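Data first, discussion second: the structure below is written as structure tokens.
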Amino acid sequence: MKENPDKSSHTERDTKAALLDLLEKQNPEIGEMIEKDPALKGDLLKNEELLSRLAFSIQTRSTMVRSGPFPPAEEMILVEEKHAGYIAHLMAVHKQSIDTRSDLSNKAMNFKFYERIVSQLSGLTLGILSLVLAGYLGINGHDVLGGVIGGTTVIALVTVFVTGREYKPKSSKKNQSLAKDNQPPTEKDDSTDV
């Protein structure tokens, strides 16, 4: 069944009229212009492209950027009038979110604290046991083995447990000078040379 062309054009005009009414409500300047020149309303309703451009320009002009979870106070008042209790609910949800983030942060800090305590105690225990073992081996005639266990091995393991990182011996001066030689030259400012 075909739709009546008069009926479709009638609904199209109603849609355009509704859009124009909305634009008048959002922008009082347009309403004032139409009151001064009523023919302007008819021209806008006839010219769909002009009406859509006007709507687009008004929409882009009134776009607002917000930061934070809450709308401006004027909008909050309007929302509260239409949906009583919504703003209080929004505040409660936001407060719960902040509390949850705070709890998670506290748990993470406590975990890191206990992890460091356990690491330091493990490093201390390992160091003492290794030195006792090195001393025992040294007393019983295994000087080299006792020296290896009591030397760099213990230092590396204790460093790993206490700092939580891999042990890296300090580089020698020769390695540092090689690293400097491999860096690209920096530009000098000619105005400061004397």
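Bear in mind that the values in this text are calculations on the coordinates, not laboratory data. Owing to the predicted nature of the structure, the values given are computational and were not obtained by experimental measurement. Cβ placement follows ideal geometry from the backbone for every residue including glycine, while neighbour counts extend to all protein chains displayed.
Computed values, structure above
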| quantity | calculated |
| --- | --- |
| Stretchable slack from ASN47 to ASP14, in nm (0.36 nm times residue separation minus alpha-carbon distance) | 10.5 nm |
| Cβ-Cβ FRET estimate between GLN96 and GLN120, R0 fixed at 41 Å, reported to 0.05 | 0.65 |
| Highest to lowest packing among 43-51, 99-107, scored as the average C-beta count within 10 Å | 43-51, 99-107 |
| Extent along principal axes [Cα atoms of region 77-147; Å; largest to smallest] | 90, 13, 10 |
| Convex hull per residue volume in Å³, alpha carbons only, for region 12-61 | 65 Å³ |
| Centroid-to-centroid separation of region 24-50 and region 96-137 [C-alpha atoms, Å] | 72 Å |
